[in-house]
Amino acid sequence: MSTSVIPLNRHRPLADIVERTRDADRLAFLDSSMPGTQGRYSILGLFPYLIIEQKHGACLVNGKPVESSFFDVVKEHLQADAGTKDPRLPLTGGAIGYLGYDFGRELCGVPTVHERNSEMPEASMVFYDLLIIEDLRKQALFCCCKGKTMMADEAAAWVDDLIARCPCVSRPARKNRLAPFASAFTRKSYEDTLVRLVEYLHAGDAYVVNMTQELSLETSEDPYSIYRYLRTYNPAPFSAYLRAPGLDICCSSMERFMEIRSGYAVTRPIKGTRPRGRVLRGRTPAEDLAFREELACSEKDLSELTMIVDLERNDLAITCEPGSIKTAGRFSVEAYPTVFHLVATVEGTLREDRCAVDAVRAAFPGGSITGAPKIRAMQIIDELERSSRGLYTGSIGYFSDTGDCDLNIVIRTIVREGKRTSLGVGGGITVESDFDFEYDETLQKALAPREAASS
């Protein structure tokens with residue numbers, strides 16, 4: 001079915017428009033809150049007409065179980081609803097949602113020792129009738145309507161009225177405090193677990209393993225207020241706010257898992273972190289520069305990223321043309337409001353008999369948050385971590401109905417399910433890891449989300 005694409009005559013930041021729709025039962029806001037080379041468009045999905053979920057091992061379509069697998073169902077409906085590309089926009093229709101880490105673990109055939117402590121679907125992709133898309137560079141808004149729940153002219157009039165009645169949203173005041181947290185790990189027990197992990201590394205089971213912990217946050221803050229604070233003071237190019245019945249997801253991710261445009265695939269793994277900016281009170285620009293240079297020259301972090309690049313090249317090779325895979329340029333240090341990260345870019349050309357869904361299925365979950373080799377690393381993760389990861393270290397993003405996709409890695413993400421609020425933090429462990437440093441790094445990564453969640 002063709003999609004109607006209507007340029008809107010007036011502009012308001014899409015984040016302001018979300019303020020008028022934030023209480024919808026189900027919405028998706030993919031937010032390039034840190035625009036730049038990696039972020040140009042923000043996307044708001046409203047009026048769902050098709051919901052595909054993986055829950056308790058079964059695939060559900062609009063709540064009814066089906067025999068086919070989750071990815072097969074998503075691919076089938078994308079092909080059935082195939083649209084037309086618009087050169088002005090990244091997509092005009094398709095599915096927006098998330099793939100949880102535990103969905104990926106099951107996909108890879110890795111069992112778990114952990115009891116399920118959540119009722120949220122392991123994966124969810126939602127087809128929205130209405131997309132409102134903001135081109136941040138041109139400060140332009142577009143309305144994309146499939147015509148499933150309303151006609152295109154009705155949709156454009158509704159959006160125009162929505163914009164006209166948008167509130168003037170003030171910038172949230174700086175809190176300068178942190179939400180309390182509880183964890184199944186203490187510093188000592190986390191470091192004791194790393195000792196066991198490094199024994200596996202010395203034994204040759206793996207080269208690098210991503211070790212994480214889940215923090216339970218004490219907060220009474222409204223979820224969208226948490227997200228608005230995050231996007232203001234910790235902007236990131238792959239941010240997202242997703243809302244579903246009983247569930248709010250506030251994501252401030254700076255890592256791209258996979259983007260595919262016209263058959264060209266790009267993944268951008270991150271390994272290596274150093275603090276920066278105002279989070280540590282009184283830091284000088286010279287101290288920030290020292291941390292940046294330290295990361296750029298760190299043999300441990302460079303070797304860790306090299307191992308993950310090799311893994312990502314292997315994952316892309318499953319669905320890409322032989323000889324097309326390459327690492328683009330040198331590893332680079334990227335600056336974000338609270339941290340520096342070491343980043344690589346791996347690219348490849350999809351085979352003609354493969355699509356974006358196939359490529360994501362073959363590479364998910366991303367190697368930067370598992371370790372290498374992937375399966376053994378995931379087995380060690382399940383043994384040593386104290387709880388299932390759920391959504392954390394999975395992916396949020398979209399599959400377009402014209403064959404493209406763009407998904408992040410779910411890090412710096414607060415999940416509110418019912419009355420429970422959680423945050424995952426972690427990092428890659430090698431035989432060179434300093435245990436004190438690794439534990440402190442997890443807490444450093446938690447600072448911005450904890451500040452956002454503080455009441």
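Under the rule a/c < 1.5 gives rounded, and otherwise a/b versus b/c splits prolate from oblate, where does the stretch 181-325 land using the Cα gyration tensor? Since a/c stays below 1.5, the shape of the stretch 181-325 is classed as rounded.
A cut-off under 11 angstrom between Cβ atoms defines the neighbours of Arg116, and their net charge, with Lys, Arg +1 and Asp, Glu -1, is -3. Which pairs in the list Lys64/Lys419; Lys175/Lys271; Lys85/Lys445; Lys55/Lys138 are over 32 Å apart, alpha-carbon to alpha-carbon? Table pairs above 32 Å Cα-Cα are Lys85/Lys445; Lys55/Lys138. A simple count of charges around Thr92, restricted to other residues whose Cβ falls under 15 Å of its Cβ and scoring Lys, Arg +1 and Asp, Glu -1, yields -3.
Using a simple charge model, +1 on the beta-carbon of Lys and Arg, -1 on the beta-carbon of Asp and Glu, nothing else, what dipole does the stretch 377-455 show about its Cα centre, in debye to the nearest 20?
Charge dipole of the stretch 377-455: 560 debye, to the nearest 20.
Less than 5 angstrom separates the built amide H of Phe257 from those of Leu407, Asn408, Ile409, all sequence-distant by 5 or more or on a different chain.
Applying 1/(1 + (r/R0)^6) with r as the Cβ-Cβ distance of Arg420 and Cys108 and R0 = 22 angstrom yields a FRET efficiency of 0.25.
Calculated mean residue ellipticity at 222 nm for the chain: -9500 deg cm²/dmol, from DSSP H runs with n ≥ 4 weighted as -39500 (n - 2.57), summed, divided by the residue count and rounded to 500. About the centre of its Cα atoms, the stretch 4-453 shows a dipole size close to 1280 debye [charges on the beta carbon of Lys, Arg (+1) and Asp, Glu (-1) only; nearest 20 debye]. Once the chain from Asp153 to Ala140 is taken as fully extended at 0.36 nm per residue, the excess over their C-alpha distance is 2.8 nm. Label separation (Arg116 vs Ala290): 5.1 nm, computed from points 7 Å beyond Cα along the C-beta direction. For the stretch 1-52, what does the alpha-carbon gyration tensor say about shape, rounded, prolate or oblate, given a ≥ b ≥ c as the root eigenvalues, a/c under 1.5 as rounded, and a/b over b/c as prolate? Rounded is the answer for the stretch 1-52, as its axis ratio a/c remains below 1.5. If you take all other residues with their beta carbon under 13 Å from the beta carbon of Ala155, and give Lys and Arg +1 and Asp and Glu -1, the sum is -3.
A dipole drawn for the chain from +1 and -1 charges on Cβ atoms has a positive end, and of Pro245, Asn234, Ala28 the residue lying farthest that way is Asn234. Between Asp161 and Arg40, the C-beta separation translates, for a Förster distance of 30 Å, into a calculated FRET efficiency of about 0.65. Between Gly97, Leu289, Val61, the Cα set farthest toward the positive side of the dipole of the chain (charges on each charged residue's Cβ, about the Cα centre) is that of Leu289. Computed packing ranks the peptides 300-307, 16-23 as 300-307, 16-23, most packed first, by mean other Cβ atoms within 10 Å.
What nm value, rounded to one decimal, do you get for the distance between Arg330 and Cys168 when each label is placed 7 Å out toward the C-beta? Taking the two extended label points, one gets 4.8 nm.
Each peptide in 382-391, 35-44 gets a packing score, the mean of other Cβ atoms within 10 Å over its residues, and the list from highest to lowest is 382-391, 35-44. Take the Cα of Ser455, go 7 Å toward its beta carbon, and the backbone nitrogen atoms of the stretch 190-220 under 20 Å from that spot belong to 215-220. For Rg and Dmax of the Cα atoms in Å, the value computed from the atomic coordinates appears in the list [x] 21.0, 64; [y] 23.8, 87; [z] 28.1, 89 under label [x].
Between rounded, prolate and oblate, where does the stretch 320-385 land on the alpha carbon gyration tensor, with a ≥ b ≥ c its root eigenvalues, rounded for a/c under 1.5, else prolate if a/b exceeds b/c? Since a/c reaches 1.5 but b/c is at least a/b, the shape of the stretch 320-385 is classed as oblate.
Extension gain for the segment Ala203 to Thr306, taken as residue separation times 0.36 nm less the Cα-Cα distance, is 35.1 nm to one decimal.
From most to least packed by mean Cβ count within 10 Å, the peptides 320-326, 170-176 give 320-326, 170-176.
Each value in this text was obtained by applying a stated rule to the coordinates, not by laboratory testing. Here the structure is a predicted model, which means the values were calculated and not measured. Positions of Cβ are backbone-derived with ideal geometry, glycine not excepted, and every protein chain shown enters the neighbour counts.
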